[in-house]
Amino acid sequence: MMMTLIKGSTVAAEGHGHSPIEQFEIRELVPINLFGIDASLTNSGAYMLVALGLIFSFLYFSTGGRSLVPTRLQSISEILYEFIASTVRENVGAKGMQFFPLVFTLFIFVLVLNLLGMIPIPGVTFTVTSHIAVTATLALLVISIVIVYGLYTHGIGFFGIFVPSGVPPALLPLLIPIEIISFISRPISLSVRLFANMLAGHIALKIFAGFIGLLLGGGIWALLAPLPLALTVALTALEVLVAVLQAYVFAVLTCIYLSDAVHGAH
Amino acid sequence: MSPAGKGSDEHNGKISQEARAEIKRRSAEIGRRLEAARPTLQDLAQSNGDRQNASHEAMGRALRLSTELIGGIVVGAALGWSLDNYLMPYLFGVKTWPLMFIIFFLLGSAAGTLNVVRSGMKMKTGPSDPSRGRAVPDDDDDVN
């Protein structure tokens, strides 16, 4: 019986559609070549366009009425706005509200992409945020804005954030490199966190879902099939939570980093 | 209100004194039962919410802290390695491997720990929860 299982798993691994990492494959949909640069529309790009379309149309139509007593859709938009606005105010302060459009865009973009990845469409479903190329680009955008805005408002004094206050000068040669490494590690932990969470979650989902089919095809082992099914249901709920949580964490950390740029050294 | 009821409301209501007393008794009874029920309901909702929040927060915290630590170590190690292999040989023509790697690995570990401590402190003091505490005063606030 165990042999059947193992044989089944190898067959499944070779057969198409059952490998747990196949879902992350980038596929070319419309080949576009711009001056020697491969700018083809891939499934990743298509998902981003779908997300943009969804976000734009939702926000446009839900706020179109502009009624004083909000309709249900309008109150969703208002809740989203107030949620991000209070996050920005709490973490950056009132001066940080100039960055509200940035934080709101990042949050809603990551959130919708994460959630779109949770909708299973056979052969289509793709989670854009499970690729580090995407999350690292977003993180680099954030950290570039922090550096450029910090230098713009504080000049060279912006580098004062690398000098911790209230420590004996003898320790500074040790502490400044630590602070610099800590600063450089920010975009890395920001991007790795989002990408790793989405990647690991989707792989786990696929593996446990794959067990159901394997057990069902394994004779008496089919009796155990409800176990991975229950686990898959639970994991799906957890993944939806992670999708929202990680979008929020991305927004909060963006705010925390921006507060350095706004307030400079303390 | 006294049964004599010499106030202005003697002219307003068409209800008899007995009915008035009865209504008052019943409303007091309802109030008493509400008071008795309220804390248990509140406790139930709160403990439920707290338990759920705790597990969500704990997971988010774990995910965050682990990447903070790893990020620091990876950046330190990568910096040290590239100093050893590229910057030092080309700029000064000296072979420092693995000195810089070791030094920056240690610095990176310190930076990772610093990241963890910082975000841990931020979580502890953290942004205040707006759902805690009532924004709108209700009847109890006047009484107490």
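Just so it is clear, none of the values below were taken in a lab; they were calculated from the coordinates. This is a predicted model, so every value here is computed, not measured. Cβ coordinates were reconstructed from backbone atoms using ideal geometry, including for glycine residues, and neighbour counts include every protein chain displayed.
Summary table below
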item: Förster radius 25 Å - calculated FRET efficiency between A:SER165 and A:ILE145 (Cβ-Cβ, nearest 0.05); result: 0.55
item: Per-residue Cβ neighbour rank within 10 angstrom, fewest leading, A:SER259, A:SER19, B:SER27, A:SER44; result: B:SER27, A:SER19, A:SER259, A:SER44
item: Calculated from backbone phi, Karplus (6.51, -1.76, 1.60) coupling profile of the range B:86-94 in Hz, x at Gly/Pro; result: 10, 5, 5, x, 7, 7, 10, x, 10
item: Degrees between helix A:72-92 axis and first principal axis of chain A (Cα, 0 to 90, nearest 10); result: 50 degrees
item: Sorted by Cβ density within 10 Å, fewest first, the residues A:LYS206, B:LYS24; result: B:LYS24, A:LYS206
item: Within chain A, helix-based [θ] at 222 nm, where runs of 4 or more DSSP H residues each add -39,500 (n - 2.57), nearest 500; result: -23500 deg cm²/dmol
item: Neighbour net charge for A:LEU199 - beta-carbon separation under 14 angstrom, K R +1, D E -1; result: -1
item: Fewest-first ranking of B:GLU68, B:GLU35, A:GLU78, using other Cβ atoms within 10 Å as the exposure measure; result: B:GLU35, A:GLU78, B:GLU68
item: Cut-off under 5 Å, modelled amide H: who pairs with A:LEU41 long-range; result: A:LEU29, A:VAL30, A:ILE32
item: Summed residue charge, Cβ within 11 Å of A:PHE126's Cβ, Lys/Arg positive, Asp/Glu negative; result: -1
item: The range A:139-266: C-alpha gyration tensor shape, a/c 1.5 cut-off, then a/b vs b/c; result: prolate
item: For chain A: relative contact order, % (alpha-carbon pairs under 8 angstrom, 6 or more apart); result: 26 percent
item: The range A:154-211 versus the range A:91-109: alpha-carbon centroid distance in Å; result: 20 Å
item: Cα lying deepest toward the dipole's positive end in the range A:15-263, options A:SER19, A:ILE180, A:PHE61, charges on Cβ; result: A:PHE61
